[in-house]
Amino acid sequence: MAQVLLKALNKKYDEVHAVKDVNLQIRDKEFVVLVGPSGCGKTTTLRMVAGLEEITAGEIMIGDRVVNDLPPKDRDIAMVFQNYALYPHMTVYDNMAFGLKMRKFPKAEIAQRVQEAAEILGIHELLKRKPRQLSGGQRQRVAVGRAIVRHPQVFLFDEPLSNLDAKLRVQMRVELKRLHERLETTAIYVTHDQVEAMTLGDRVVVMKDGWVQQVGEPLELYSKPANRFVAGFIGSPAMNFADVTMNETNGAVWAESHGFRIKVPADRTDRLRPYKGQHLTLGVRPEDIHPVGGADSADRSFDAVVDVVEPLGSEILLDVKVGPTSMVARVDPSVRVKVHDPIRLALAPERLHFFDLKTELAI
Amino acid sequence: MVVERPWKRWVYFYIPLTVFVIGTLFPFYWMFITSIRPDAELYRSWRAVNNTPFWTLHPTIEHFRDLMAKTTFPIWLWNTFFIAVVSTMISLFCGLLAGYALGRLRFPMAGTLGTSIFVTYLVPPTLLFIPLANIIRDFQLGNTPWALILTYPTFLIPFCTWLLMGYFKTIPKELEECARIDGATRFGAMVRIIFPIAIPGILSAGIFAFTLSWNEFIYALVFLSSPERKTVPVGIYSELIRGDIYFWGQLMAGALLGSVPVALVYSFFVEYYVTGLTGSVKG
């Protein structure tokens with residue numbers, strides 16, 4: 001049990017600056033997820049915490065020790081790898097016992113801890129098998145078991161679910177969450193899957209090009225993205241973006257584009273008034289677009305044409321064209337529309353996002 | 001499943017395979033049949049009425065007895081074995097460490113070093129024995145087993161290094177990283193995790209090295225002179241051919257006995273050997 005502190009962490013390879021000034025405080029018992037597209041530096045950051053990569057600049061503390069120069073074995077961490085990394089020449093039992101044997105635990109305690117972990121993970125009857133006799137899900141459980149028998153201060157997960165099929169992934173995700181609640185150990189989890197990030201993380205760190213974009217609780221990232229990248233990355237289907245021009249008429253601020261004109265709600269007028277006459281990016285989530293009747297207030301609704309209909313059962317995704325812009329709307333399954341139908345849509349004005357065109361920061 | 005017509009299977013598979021097997025095994029058969037043929041049959045004219053070149057009706061072990069009693073063949077066998085084993089062990093030890101370093105560690109010039117080690121393997125022994133002869137003389141190692149034990153690694157180490165480097169590269173590096181996090185040092189992870197997994201590769205490198213030194217001829221011919229120091233290939237060649245007289249029976253008996261250990265080693269490890277060359281570790 002320990003907190004993990006990253007201070008101005010940097011990693012440079014010969015030509016690539018992979019991790020740039022990452023500052024992060026991971027609290028004791030917290031489950032933090034690093035998420036981002038491939039090449040964003042999330043795995044490199046994790047590997048630096050593990051001690052598998054040299055730190056170019058900055059500092060990593062686990063508990064109250066600076067671990068920069070400690071070899072991986074002395075950091076009191078355990079890691080689960082994407083390809084499981086089970087030792088193929090050892091049985092499941094020996095795989096799980098390896099770390100304890102290396103630390104010279106007495107035999108009886110090793111046996112007891114392995115049994116305990118095996119029971120938690122439901123792999124009790126597999127202990128005598130070799131890794132190649134196991135299915136993907138079972139291998140993943142063994143890899144997790146190998147990590148938990150050591151009772152480390154920190155768990156590191158490097159995309160542990162990526163090699164599993166979709167159904168199993170959802171199941172293991174739930175199990176990991178349950179496991180974390182039971183073990184109460186600090187965990188750092190790397191994934192490129194934003195659903196995993198949102199469901200597992202107490203807090204989520206979004207990274208891109210080596211920079212931390214935003215750190216926050218999952219719903220905070222969703223409702224208050226710090227910039228356009230986070231807004232587009234978190235959420236599926238992704239947030240809709242449109243270039244708009246800001247205008248002021250009769251004391252109200254309007255966002256205008258080809259085909260629609262939206263009145264900015266009164267509480268945000270002051271924030272947006274300085275951008276009068278300028279271009280901004282408007283962001284709106286698919287579920288914040290609703291079909292409405294023709295009589296709806298003109299200051300938040302507009303006409304569109306249905307382009308694609310994707311019925312998902314519990315909801316329908318409508319790809320619509322508004323002038324030159326396409327948007328996705330998530331609507332109730334009772335809505336009956338066909339391709340090329342005209343449709344009147346309204347936005348939820350209090351849930352609009354505005355981003356600066358150049359800095360891409362949220363306004 | 002596609003049903004093939006039987007005649008196609010014969011034409012494209014069984015017949016070519018049979019021809020190939022006969023072509024490969026015939027020399028061994030010839031070696032065997034010659035070694036048990038009495039001298040009277042061996043030196044009979046080819047055109048004699050009772051000539052039976054492909055079989056014999058009077059098998060004899062006389063040649064083997066002569067080989068054991070009248071020549072120093074058992075000593076050659078022991079020399080060859082001793083030299084092959086020691087030089088294989090030296091080469092495997094160096095090849096393991098070098099192969100691991102080149103396959104796994106990141107250090108400057110690793111690629112260049114790897115290539116240059118490979119290039120030394122390409123230098124033909126027929127050129128290299130001249131400078132090596134100088135060195136052997138300077139260290140006064142001529143006519144001792146050490147002349148060969150220390151020179152064979154010049155081609156065995158590059159060979160082992162390359163084979164093992166390739167094998168190590170097929171082992172996922174996460175295995176080792178995981179071991180290091182689990183509490184092993186780099187060296188510990190290498191010895192406890194990587195080497196056991198690399199056993200097929202290590203075995204095939206060992207078998208290859210053993211065979212190469214067992215069959216080696218040039219260095220053994222140049223560096224050893226007295227009959228009781230010689231290895232099997234050189235001994236047979238230099239002691240059983242006197243001027244233009246070929247002791248065919250003993251020659252073939254010696255060749256047969258000389259190839260038995262290698263054949264045994266291969267047949268024991270053939271499965272390991274194949275996986276070693278194709279390299280496969282599944283996590």
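Tabulated data for the structure shown
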{"read-out": "Restricting segment B:234-243 to residues that are of a type in the set (A, V, I, L, M, F, W, C) and buried (at least 20 other Cβ atoms within 10 Å of the Cβ), the residue that is farthest from the chain's Cα centre (by Cα)", "value": "B:L240"}
{"read-out": "B:R180 being over 25 Å from the mean Cα position of the chain (by Cα) and either buried (at least 20 other Cβ atoms within 10 Å of the Cβ) or touching a residue at least 24 places away in the same chain (Cβ under 8 Å) (or both)", "value": "yes"}
{"read-out": "Among the candidates A:G63, A:G41, residue that is of a type in the set (G, A, S) and either at the interface with another protein chain (Cβ under 9 Å from one of its Cβ atoms) or closer than 30 Å to A:G232 by Cα (or both)", "value": "A:G41"}
{"read-out": "Per-region count, segment A:282-318, residues under 12 Å from A:V244 (Cα atoms) and surrounded by fewer than 19 Cβ atoms within 10 Å (Cβ to Cβ)", "value": "0"}
{"read-out": "Of the criteria (1) closer than 21 Å to B:G188 by Cβ; (2) away from chain B (no Cβ under 14 Å); (3) in contact with an Asp or Glu (Cβ under 8 Å, 6 or more places away or on another chain), which one A:D69 fails", "value": "(3)"}
{"read-out": "Residue within segment A:333-347 that is surrounded by 15 or more Cβ atoms within 10 Å (Cβ to Cβ) and touching a helix residue (DSSP H, G or I) at 6+ places or on another chain (Cβ under 8 Å) present", "value": "yes"}
{"read-out": "In segment B:100-115, the residues that are at pLDDT below 90 and closer than 18 Å to B:G201 by Cβ", "value": "B:G103, B:R104, B:L105, B:G114"}
{"read-out": "Some residue of segment B:35-49 being among the polar types (S, T, N, Q) and touching a residue at least 12 places away in the same chain (Cβ under 8 Å)", "value": "yes"}
{"read-out": "Residue check for A:R132: in contact with a Lys or Arg (Cβ under 7 Å, 6 or more places away or on another chain), within 29 Å of B:G183 (Cα to Cα), surrounded by fewer than 18 Cβ atoms within 10 Å (Cβ to Cβ) and modelled with pLDDT under 95", "value": "yes"}
{"read-out": "Residue match in segment B:169-184 (condition: more than 14 Å from chain A (Cβ to nearest Cβ), closer than 28 Å to B:V260 by Cβ and not aromatic (F, W, Y))", "value": "no"}
{"read-out": "Check on B:I36, hydrophobic (A, V, I, L, M, F, W, C), surrounded by 12 or more Cβ atoms within 10 Å (Cβ to Cβ) and not assigned by TED's automatic domain parsing to the domain that holds B:G206", "value": "yes"}
{"read-out": "Subset of segment A:73-90 that is more than 7 Å from chain B (Cβ to nearest Cβ) and touching a helix residue (DSSP H, G or I) at 6+ places or on another chain (Cβ under 9 Å) - its residue that is farthest from B:I197 (Cα to Cα)", "value": "A:R75"}
{"read-out": "Answer residue from segment B:194-206, given it is touching a Phe, Trp or Tyr at 6+ places or on another chain (Cβ under 6 Å) and either part of a helix (DSSP H, G or I) or away from chain A (no Cβ under 14 Å) (or both) and is farthest from A:M79 (Cα to Cα) among those", "value": "B:S204"}
{"read-out": "Pairs where the first residue, in segment A:122-139, is within 14 Å of another protein chain (Cβ to nearest Cβ) and the second is among the basic types (K, R), C-beta under 7 Å, 6+ apart", "value": "A:P131/A:R139; A:R132/B:K282"}
{"read-out": "Boolean, B:T52 is touching an Asp or Glu at 6+ places or on another chain (Cβ under 8 Å), over 18 Å from B:L240 (Cβ atoms) and surrounded by 11 or more Cβ atoms within 10 Å (Cβ to Cβ)", "value": "yes"}
{"read-out": "Residue within segment A:325-344 that is touching a Lys or Arg at 6+ places or on another chain (Cβ under 6 Å) and among the charged types (D, E, K, R) present", "value": "no"}
{"read-out": "Set B:L102, B:L67: member being over 30 Å from B:L163 (Cβ atoms) and in contact (Cβ under 8 Å) with a residue 24 or more places away in the chain", "value": "B:L67"}
{"read-out": "Helices (runs of 4 or more DSSP H) wholly inside segment B:66-184 containing at least 2 residues that are of a type in the set (D, E, K, R)", "value": "B:125-138, B:173-182"}
{"read-out": "First in segment A:52-63 and under 12 Å from A:K12 (Cα atoms), second anywhere and basic (K, R) and buried (at least 17 other Cβ atoms within 10 Å of the Cβ), Cβ under 6 Å, 6 or more apart", "value": "A:E53/A:R47; A:T56/A:K11"}
{"read-out": "In segment A:269-292, the residues that are touching a residue at least 60 places away in the same chain (Cβ under 8 Å) and out of contact with any strand residue (DSSP E or B) (no Cβ under 8 Å at 6 or more places or on another chain)", "value": "A:R271"}
{"read-out": "Residues of segment A:295-329 satisfying the condition of being over 19 Å from A:I262 (Cα atoms) and outside any loop (DSSP other than H, G, I, E, B)", "value": "A:V306, A:D307, A:V308, A:V309, A:E310, A:P311, A:I316, A:L317, A:L318, A:D319"}
{"read-out": "Residue among A:T56, A:T45 that alone is hydroxyl-bearing (S, T, Y) and within 18 Å of the chain's Cα centre (by Cα)", "value": "A:T45"}
{"read-out": "Check on A:E116, among the charged types (D, E, K, R) and either within 14 Å of chain B (Cβ to nearest Cβ) or under 30 Å from A:V230 (Cα atoms) (or both)", "value": "no"}
{"read-out": "Subset tally (residues that are more than 17 Å from B:E176 (Cβ to Cβ), at the interface with another protein chain (Cβ under 9 Å from one of its Cβ atoms) and out of contact with any Gly (no Cβ under 6 Å at 6 or more places or on another chain)) for segment A:91-103", "value": "1"}
{"read-out": "Selected residue [more than 30 Å from A:M61 (Cα to Cα), under 27 Å from the mean Cα position of the chain (by Cα) and not β-branched (V, I, T)] from A:Q153, A:Q138", "value": "A:Q138"}
{"read-out": "Filter result (at pLDDT 90 or above, buried (at least 19 other Cβ atoms within 10 Å of the Cβ), under 11 Å from the mean Cα position of the chain (by Cα) and hydrophobic (A, V, I, L, M, F, W, C)) within segment B:208-233", "value": "B:A209, B:F210, B:W214"}
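Let's see how each residue does on (1) closer than 20 Å to B:S259 by Cβ; (2) of a type in the set (S, T, N, Q); (3) not in a loop (DSSP other than H, G, I, E, B):
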| site | (1), (2), (3) |
| --- | --- |
| B:F28 | yes, no, yes |
| B:R37 | yes, no, no |
| B:N51 | no, yes, no |
| B:H58 | no, no, no |
| B:H63 | yes, no, yes |
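The values are calculated or read from the model by the stated rules, or taken from the named source; none is laboratory data. This one's a predicted model, so the numbers in the text were calculated from it and none came from an experiment. So basically every Cβ, Gly included, is an ideal-geometry build from the backbone, and we count neighbours across all protein chains shown.
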